[in-house]
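Working notes for the structure below.
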Amino acid sequence: MASKSVLDLFSKVIKAPHNGQPKLCMQLVKHLQLFSNEPLDEQRQKEVYYVLTRLVRGLGSPKTQVRTVYYSILVVIVSHLTDKPWFNLDYFKNIVDKELTKYDSKAEEGDVLSGKVLCYGAMIRSGIFSAGAIDTQKAIVAELLSNMKTRSYLPLLTYKFLTEGIDSSNNVMFSEIIWPYLKKYIGLPITKQTLDSLYCIIQVHSHYPKLIDGAFIPRVLETATELLCNESMNDIAKILVFHISSVEVLEHPVYGHFAIALTSASDSDSLISSFWGVLQPHFTGPHNRYQQMAAMKLCTNIVKNSSLDSVHSLLSNWFMDMLLKSFSRPNADALISYTRSSISAVMDRVSSSATPNIAYKVLLKFILPPGDMMVEKITGIKIVQNCLIKMDEQHIKLLAKQCHQVILMKKKGNNEKTHFWKIQDRGYAAQLLARLLGLQICTDVTWKIEQLKFMLEHAFFTNATDKYHISHELAAIIRDSFMKALSHKQPNMETLRITLSTLVHHTDELLKDGRQLRSKTSKDVCTFRFKYLK
């Protein structure tokens, strides 16, 4: 029988708030004399047995919070028993078999089976499992895997502990004790694979690729001989994306682990491109929003560790179209949340490590079709700002050319169709152009003046040709952008003088060439504005 002090301490640990449990747990360990290297007397061993019995029984509780507390305490207690000669895997298994066997309903059966997984998981994490008798190890592995069939939530928990056992054991123990049983449960045809089994396969592959690649993979995937190769991407996409029908499964750890495996491969750029390529046909046909979320979840995870070139390639036309359209879908809060996470992940990579060229290319993906000039307003994320910070003057100038093309609605090439830009898009391009002229990194005065001349011409004068059309509404926006650009602080008075003088002379040349002022812009207005600026 345990002493009153142990009963009191145990009760305090269980009832303590989360932040107070570690200290009380250490007091319990100290009281049980588990810090000492000296053998425990019979009374202490009885108290340890009592504590272990209570903890094991508690892990069979129907309440998740209770199981969480008991599991945390069990891990601490067991970690201090590893050097005790009287404590071993068989000792603990006897307690589990005694305390977690009886149940009177289906619900209680599920609690008992979950408790067993947690109990043996604590043994695996502590290293006691790897030091146990081989027959006992095999019996535990066989029991855990057999129990998985009874509850849908048991496989993931079981696979987690068994694959974590890889870290706490040697190659021989895993390959001879765990793997012979495990491969029977995960070596299923692709049609029977689940997120849980794929998670387990990826985890084993990360430690022992030779166990997976070769003879095992052809049993699982239809055409591949390796887990991560171009031929395997379509089969993996079926599991991770194409068959998804609920939002709950998207919190599965397989998405993060697959992304890590993909980005850690020696040919990661090629694999990412291949994987993204097999998604395109699916998303250009019938699909549901949960599958969209799955693709976004993968993008978010892949972007965190992939090369910058892959970050750019992930923003493919079909994916950008899907991202931006999600903001206009009704009752799509969850979808929009996943969309924002993907965009934010891209922006984090751009802000932390992007080159000027990548930042420029990423920005074009967001503002040019199938992106949208109004992307910041649509998404609520400062995409333009994050990209501009990483760009140099050369790429700022390239971006300005893109603004010109949008404002004038020009073709990119002779064989390309002109995208029909709305007035608000063209107006935003003018505002962006004015914004570029105020960036400190832009020091080329001649180039700045050319941009101002461009805005002045299209703000105050009628169209020179029929190739493009600037409406009065758009001209008003360009005019405001022009005035804003002129208000940017100049490096010195001489630069300001040269700028204004050049603009005045340019205006004079346009008038001499017969260009007509817009009807709403009289000469008196222009004269007033230039006098005001002077």
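Laboratory data are not the source of any read-out in this text; all were calculated from the coordinates shown. Computed from a predicted structure; not experimentally measured. Please note: Cβ atoms are built from the backbone with ideal geometry, for glycine as well, and neighbour counts cover all protein chains shown.
Calculate, for ASN357 and ALA464, the FRET efficiency according to 1/(1 + (r/R0)^6) with r their C-beta to C-beta distance and R0 25 Å; round to the nearest 0.05. Walk me through the numbers on the way to the answer.
Numbers: r = 34 Å, r/R0 = 1.35.
For R0 = 25 Å, the calculated efficiency reads 0.15.
Cα centroids of the range 39-59 and the range 356-406: how far apart, whole angstrom?
One Cα centre to the other: 65 Å.
Quick one: order TYR120, TYR153, TYR185 by neighbouring beta-carbon count within 10 Å, fewest to most. Don't skip to the answer; put the middle values down first.
On the way: TYR120 25, TYR153 13, TYR185 18.
Fewest-to-most ranking of TYR120, TYR153, TYR185: TYR153, TYR185, TYR120.
Output wanted: per-residue J couplings in Hz (rounded whole) for the range 258-263, from phi through Karplus 6.51 cos²θ - 1.76 cosθ + 1.60, θ = phi - 60°, x for Gly and Pro.
Running phi through 6.51 cos²θ - 1.76 cosθ + 1.60 with θ = phi - 60° gives 5, 4, 5, 4, 5, 7 Hz.
Residues with amide H under 5 Å of PHE461's amide H, sequence separation 5 or more or different chain, H placed in the peptide plane at 1.01 Å from N; which?
ARG518
Roughly speaking, what is the stretch gain from SER344 to GLU164, that is 0.36 nm per residue apart minus the C-alpha to C-alpha distance, in nm to one decimal?
Details: separation 180, 0.36 × 180 = 64.80 nm, distance 3.13 nm.
So the extension gain works out to 61.7 nm.
Given a Förster distance of 60 Å, report the FRET efficiency between GLN43 and LYS401 from their Cβ-Cβ distance, rounded to the nearest 0.05.
Details: r = 85 Å, r/R0 = 1.41.
Rounded to the nearest 0.05, the efficiency is 0.10.
Return the calculated 222 nm mean residue ellipticity for the chain, to the nearest 500 deg cm²/dmol, obtained by summing -39500 (n - 2.57) across DSSP H runs with n ≥ 4 and dividing by the residue count. Spell out each step's value before the answer.
Details: 28 runs with 346 residues, N = 534.
Helix contribution divided over all residues of the chain: -20500 deg cm²/dmol.
Could you give the semi-axes, largest first, of the ellipsoid that matches the chain, computed as the square roots of 5 times the alpha carbon gyration tensor eigenvalues and rounded to whole Å? Don't skip to the end; give the middle numbers.
Numbers: eigenvalues 887, 144, 73 Å².
So the equivalent ellipsoid measures 67, 27, 19 Å along its semi-axes.
What ³J(HN,Hα) values, in whole Hz, does the Karplus curve 6.51 cos²θ - 1.76 cosθ + 1.60 give for the range 69-74 when θ = phi - 60°, with x put for Gly and Pro?
5, 5, 5, 4, 5, 4
Where the centroid of each part is defined by its Cα atoms, how far is the range 68-116 from the range 157-231 in Å?
The range 68-116 and the range 157-231 have Cα centres spaced 27 Å from each other.
Compute the acute angle (0 to 90°) between the alpha-carbon long axis of helix 289-305 and the principal axis of greatest extent of the alpha-carbon atoms of the chain; round to the nearest 10°.
That helix lies at roughly 90 degrees to the long axis.
What ranking do 132-139, 255-262 get when scored by the average of other Cβ atoms within 10 Å per residue, highest first? Mind dumping the intermediate values first?
Numbers: 132-139: 15.4, 255-262: 20.2.
Sorting 132-139, 255-262 by mean packing, highest first, produces 255-262, 132-139.
Taking the Cα-to-Cβ direction at MET26 and at GLU251 and moving 7 Å from each Cα, how far apart do the two end points lie in nm?
3.2
Determine the distance separating the Cα centre of the range 300-315 from the Cα centre of the range 468-485; give it in Å without decimals.
Using only Cα atoms, the two centres lie 37 Å from each other.
Give me ASP104, ASP111 ranked fewest to most by other Cβ atoms within 10 Å of their Cβ, as a rough exposure proxy. Can you show the working numbers first?
On the way: ASP104 7, ASP111 19.
With the sparsest Cβ surroundings first, the list reads ASP104, ASP111.
If you look at just the Cα atoms of the range 352-472, how large are its Rg and its Dmax in Å?
Cα only, the range 352-472: 14.5, 45 Å (Rg, Dmax).
Please arrange THR223, THR339 by counting, for each residue, the other beta carbons lying within 10 Å of its beta carbon, fewest first. Before the final figure, lay out each step's value.
Values: THR223 13, THR339 25.
In order of increasing Cβ crowding within 10 Å: THR223, THR339.
What FRET efficiency comes out for the pair LYS210/THR101, r = Cβ-Cβ distance, R0 = 45 Å, nearest 0.05?
Working: r = 39 Å, r/R0 = 0.86.
The pair LYS210/THR101 has a calculated efficiency of 0.70.
Taking a cut-off of 17 Å, what percent of all Cα-Cα pairs in the range 237-281 are separated by more than that? Before the final figure, lay out the partial values.
Details: 378 of 990 pairs.
Summing the P(r) of the range 237-281 above 17 Å gives 38 percent of all pairs.
Provide the net charge surrounding GLY121, with neighbours chosen by a C-beta distance below 12 Å and charges set as Lys +1, Arg +1, Asp -1, Glu -1. Don't skip to the answer; put the middle values down first.
On the way: positive: ARG67, LYS116, ARG125, LYS160; negative: GLU164.
After counting each charged neighbour, the total is +3.
Report the dimensions of the range 279-419 along its three principal axes from the alpha-carbon atoms, largest first, rounded to Å.
40, 35, 26
Over the range 200-359, what per residue volume does the convex hull of the Cα atoms give, in whole Å³? Could you put the intermediate results ahead of the total?
Working: hull volume 18.4 nm³, N = 160.
Dividing the Cα hull volume of the range 200-359 by its residues yields 115 Å³.
Charges on Cβ only, +1 for Lys and Arg, -1 for Asp and Glu, centred on the Cα centroid of the chain; of LEU335, SER273, MET483, which one is farthest towards the dipole's positive end?
Result: MET483.
Calculate how steeply helix 333-353 sits against the longest principal axis of the alpha-carbon atoms of the chain, using the helix alpha-carbon long axis, and give the answer as 0 to 90 degrees to the nearest 10.
Compared with the principal axis, the helix lies near 80 degrees.
Spelling out what I want: for every residue of the range 184-200, take phi, set θ = phi - 60°, compute 6.51 cos²θ - 1.76 cosθ + 1.60 (Karplus), and round to whole Hz; glycine and proline get x.
5, 8, 9, x, 9, x, 4, 5, 10, 6, 10, 4, 5, 5, 5, 4, 5
Along the charge dipole of the chain, pointing to its positive end and built from +1/-1 on Cβ of Lys, Arg, Asp and Glu, which listed residue (ALA133, GLN27, HIS312) has its Cα farthest out?
HIS312
Under 11 Å from a point placed 7 Å out from the Cα of THR225 along the Cα-to-Cβ direction: which residues of the range 249-271 have their backbone N that close?
Nothing falls inside the zone, counting backbone N under 11 Å.
Relative to the first principal axis of the alpha-carbon coordinates of the chain, what is the inclination of helix 154-164, with its axis defined by its Cα atoms, in degrees from 0 to 90 and to the nearest 10?
Relative to the chain, helix 154-164 is tipped by roughly 90 degrees.
Please give the length that would be gained between LEU188 and LYS63 if that part of the chain were fully extended, namely 0.36 nm times their separation in residues minus their C-alpha to C-alpha distance (nm, one decimal).
Working it through step by step, the gained length comes to 41.7 nm.
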